[in-house]
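First comes the structure, then the notes that go with it.
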Amino acid sequence: MSKMIRFAIFVFLSLGSISFASARDLFVDNMQGNDRNDGLKAETASGDKGPKKTISAALQVALSGDRIVLKKNDEPYRECVTLYGERRSGSNLAPFTIQGNGATLDGTAPIAKDAWTHTEAGVFGFQPTMAGPHKLFLNDKPAERVAVEPEAKKLPELKPLQWCAWRGAIFFRPEEGKLPGDYNLTQASLQTGVTLYHVDRASIEDLTVQGFRVDGVAAANSATNVYLAGLTLRGNGRSGLSAGPSSTLRVDGCLIGDNAQSQVLSMVNSATSIRNSNLPDGSAPVWINRGGRLEVDGKQAEGGLK
């Protein structure tokens with residue numbers, strides 16, 4: 001082997017080692033963490049050594065190729081997350097990653113007990129301060145919704161623990177002898193769970209994203225080579241997953257369901273490949289096509305609502 005070839009191999013391996021050495025794990029724990037910590041340790045140690053409290057704080061110090069590692073706690077992470085630009089991008093060997101470890105990113109907010117008023121036999125309603133689409137959660141999971149046609153003149157029949165949205169308000173039927181304030185009821189409040197702008201080679205894994213007024217995950221613009229694995233995207237006001245212009249996404253082993261308008265929204269000049277995933281269409285269409293391309297389990301999806 002010539003000296004020139006040996007030197008080239010040495011440089012390649014050296015650069016590879018630098019790349020791997022520069023990628024870090026940043027830890028987040030929304031129960032025990034502190035945003036003043038450096039984020040470099042999973043457990044709190046002396047001084048500022050220990051996990052961050054919020055994902056947003058970890059993103060502020062993250063660099064290209066880093067991995068943000070969430071601790072799964074009973075309390076969801078309640079924030080909107082944005083990945084933007086080169087610092088939140090990665091490479092083939094080290095994609096920028098959010099590793100959820102089964103944690104939940106939740107966009108809901110409590111409903112005041114005194115917000116509800118009795119409307120008719122056994123049914124209570126309240127007027128959200130924010131415009132729809134609306135989603136109601138019971139014990140941090142989407143409550144059973146009854147669809148209402150836009151031209152409906154009256155409320156549909158609701159069974160106990162069912163709800164509907166009608167004329168800009170939310171209506172709920174509690175069990176006999178109970179009031180809405182007796183339940184842990186929340187509504188979609190924050191706008192979008194995870195938004196990606198102008199990033200390349202980003203990965204989000206093993207995370208539930210629920211209860212946001214618009215989308216669970218939105219590749220808003222020029223988010224390329226995005227990998228989504230093991231996600232549950234449910235109970236969001238518009239879609240579980242939105243693929244925006246000039247974005248390319250690969251989705252593997254995800255559950256995308258119970259979103260209000262569509263499970264997947266495909267915008268112009270986007271390409272999304274979905275494999276080994278569950279996309280139930282009981283609450284809304286699986287796919288709304290606004291000019292993008294969608295492939296499901298190796299087959300090109302045809303049509304889609306416009």
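The values are calculated or read from the model by the stated rules, or taken from the named source; none is laboratory data. The structure displayed is predicted, hence computed values, not measured ones. Methodologically, a virtual Cβ is constructed for each residue, glycine included, from the backbone with ideal geometry; neighbour enumeration extends over all protein chains shown. Note: areas computed on protein heavy atoms with side chains; ligands, DNA, RNA excluded. Shrake-Rupley method; radii C 1.70, N 1.55, O 1.52, S 1.80 Å.
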Looking at 121, 131, 165 in this structure, which one is at pLDDT 90 or above and either hydrophobic (A, V, I, L, M, F, W, C) or open to solvent by less than 50 Å² (accessible area, probe 1.4 Å) (or both)?
165
Any chance residue 94 is outside any strand (DSSP E or B) and surrounded by 16 or more Cβ atoms within 10 Å (Cβ to Cβ):
yes
May I ask you to verify whether residue 144 is under 29 Å from residue 218 (Cα atoms), of a type in the set (Asp, Glu) and modelled with pLDDT of 90 or more?
yes
Do we find a residue being over 16 Å from the mean Cα position of the chain (by Cα), over 17 Å from residue 54 (Cβ atoms), modelled with pLDDT of 95 or more and part of a strand (DSSP E or B) anywhere in region 68-88?
no
From the residues in region 222-247 that are touching a Pro at 6+ places or on another chain (Cβ under 7 Å) and open to solvent by less than 10 Å² (accessible area, probe 1.4 Å), which one is nearest to residue 85 (Cα to Cα)?
237
Here are some residues: 131, 109. Which one is hydrophobic (A, V, I, L, M, F, W, C), part of a loop (DSSP other than H, G, I, E, B) and under 26 Å from residue 78 (Cβ atoms)?
131
For region 17-33, the count of residues that are surrounded by 12 or more Cβ atoms within 10 Å (Cβ to Cβ) and either at pLDDT below 95 or more than 19 Å from residue 74 (Cβ to Cβ) (or both) equals 6
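Okay, residues lined up against (1) of a type in the set (S, T, N, Q); (2) free of Cβ contacts under 8 Å to residues at least 24 places away in the same chain; (3) open to solvent by less than 40 Å² (accessible area, probe 1.4 Å); (4) part of a strand (DSSP E or B):
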| residue | (1), (2), (3), (4) |
| --- | --- |
| 154 | no, yes, no, no |
| 174 | no, no, yes, no |
| 177 | no, yes, no, no |
| 203 | yes, no, yes, yes |
| 207 | no, no, yes, yes |
| 220 | no, no, yes, yes |
Criterion first (modelled with pLDDT of 95 or more, over 18 Å from residue 88 (Cβ atoms) and either open to solvent by 10 Å² or more (accessible area, probe 1.4 Å) or more than 17 Å from the chain's Cα centre (by Cα) (or both)) does residue 277 satisfy it?
yes
Among the β-branched types (Val, Ile, Thr) and buried (at least 23 other Cβ atoms within 10 Å of the Cβ), is that true of residue 268?
no
Evaluate region 141-155: report whether one residue or more is of a type outside the set (A, V, I, L, M) and closer than 17 Å to residue 78 by Cβ.
yes
Kindly evaluate residue 42 against the criterion of being at pLDDT 95 or above and more than 21 Å from residue 83 (Cα to Cα).
yes
Residues being of a type outside the set (Lys, Arg) and open to solvent by less than 40 Å² (accessible area, probe 1.4 Å) - total across region 134-147:
7
Output yes when any residue across region 105-114 is within 20 Å of the chain's Cα centre (by Cα), open to solvent by 60 Å² or more (accessible area, probe 1.4 Å), charged (D, E, K, R) and at pLDDT 95 or above, and no when none is.
no
